[in-house]
1. Express the accessible area of the chain per residue in Å², computed with a 1.4 Å probe while the remaining protein chains stay in the model.
2. Past the 23 Å Cα-Cα mark, which pairs from LYS103/LYS134; LYS106/LYS246; LYS134/LYS268; LYS65/LYS103; LYS103/LYS305?
3. How much accessible area does TRP309 have with a 1.4 Å probe, in Å² rounded to the nearest 10?
4. Between LEU204 and ARG69, what is 0.36 nm times their sequence separation minus the Cα-Cα distance? Round to one decimal in nm.
5. Under a point spin-label approximation (7 Å from Cα along Cα-to-Cβ), what is the LEU3-GLN150 distance to one decimal in nm?
6. Place +1 on the Cβ of every Lys and Arg and -1 on the Cβ of every Asp and Glu in the chain, take the dipole about the Cα centre, and give the residue among GLY95, TYR17, HIS81 whose Cα lies farthest towards its positive end.
7. Among residues other than ALA85 whose Cβ falls under 12 Å from its Cβ, what is the net charge (Lys/Arg +1, Asp/Glu -1)?
8. Please compute the Kirkwood hydrodynamic radius over the chain, one decimal place, Å, based on all pairs of different Cα atoms.
Amino acid sequence: MSLTITYSPAYTLVPTYECFNQCSYCNFRVQPGSDIWLSLPRARAMLQELDAIEILILSGEVHPKSSRRRTWLDRIYDLCHLAIAEGFLPHTNVGPLSFEEMKRLKQVNVSMGLMLEQLTPTLLDNVHHHAPSKRPAVRLEQLMWAGQLQIPFTTGLLLGIGETETDWEETLVAISTLHNQYGHIQEVILQPHQPGERQTQLALPCDDNMLIRAVHITRQILPEDITIQIPPNLVQSTQTLLACLKAGARDLGGIGPLDEVNPTYHHKTLSTLTAQLQTQNYSLTPRLPVYSQYDSWLPANLQQKVQSWRTRLDSRKTLNIQRNCEA
Ligand SMILES: O=c1nc2n(C[C@H](O)[C@H](O)[C@H](O)CO)c3cc(O)ccc3cc-2c(=O)[nH]1
Ligand SMILES: C[C@H]1O[C@@H](n2cnc3c(N)ncnc32)[C@H](O)[C@@H]1O
Ligand code: SF4
């Protein structure tokens, strides 16, 4: 029997690249006011004939006290609503939200996400010096609210931004503690930092051995029911990817035409990834952006859409098995 590795067939919509934070490793942000926000008609056009299930809504941030904050959140809500109307399942990751904002977006998302990055406050003196959204207390509170609101949640660690192994452990223990309380963390991303062309401060990439070590440590600390996700385009070799799987990673995250956060690091095609995984007897299979144990947490209309996607995926798999048997 082969071991199943999952990925989410995804397409990313970016409401705006403008962001009031300046994380020194970011290749995504532009100055507030210098960007034209994604309009609904343009988004509708982008969503035509996509081979995706998940729509990842990934955004730069408008300051919580700005007069434009309400318009920004409305646009995010409307984009999620549009994605659902077009037959997709939204997952929103747009930085910290107020409790009310999060509650509102729960109505139009099958899961949501926010990277914890790292809990250590030392990063506020360097990479996060101009990034108030990255204050550890603010992000921890987000994870707690998501639990209270019963939102299936994705979080993760950004690796190689100047933290120590003890910092990883501290962050992972905090995630475990919150999950033990609310049971809402479906997956944890181990995101190796990779330099791009636009970041304000040149920095080294996260070394592959460091990533493999992080997977080992993570598997030891996190509860069994949290899946470890590795973005395959950010590892430097196939060997490393296979070593991460051996160490306990089970998911490759959203795979689509463009990684908006790291646009210079392209994904391999699914058939290449499938072949590479097969050499070690892993089989690659698509999944939804919500793990099935959380289906009952979703609003009724979204439960219906998720059910029909599950049926579609199951029949696709049966077809594949039949084809393999005939071949
Ligand atoms: O294509 C990407 N997808 C990213 N995703 C998407 C992720 O791969 C999928 O949306 C989840 O697996 C949900 O199915 C994130 C989701 C989060 O909630 C938090 C952070 C990320 C980071 C990225 C990313 O850098 N690139
Ligand atoms: C959406 C997520 O993308 C991650 N992120 C931001 N910039 C980079 C980079 N250069 N390399 C890898 N990950 C990055 C952060 O962890 C953020 O929370
Ligand atoms: S990583 Fe996110 S919060 Fe930081 S500058 Fe980039 S878009 Fe803004």
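The values are calculated or read from the model by the stated rules, or taken from the named source; none is laboratory data. Fair warning: this is a prediction, and the values are worked out from it, not measured in the lab. Please note: Cβ atoms are built from the backbone with ideal geometry, for glycine as well, and neighbour counts cover all protein chains shown. Note: accessible area is taken over every heavy atom of the protein model, side chains too, but ligands, DNA and RNA are not part of it. Shrake-Rupley method; radii C 1.70, N 1.55, O 1.52, S 1.80 Å.
1. 45
2. Those over the limit are LYS106/LYS246; LYS134/LYS268.
3. Ignoring ligands and nucleic acids, TRP309 comes out at about 20 Å².
4. 45.2 nm
5. 3.4
6. The Cα lying farthest towards the positive end belongs to HIS81.
7. Net charge around ALA85: 0.
8. Answer for the chain: a Kirkwood hydrodynamic radius of 20.2 Å.
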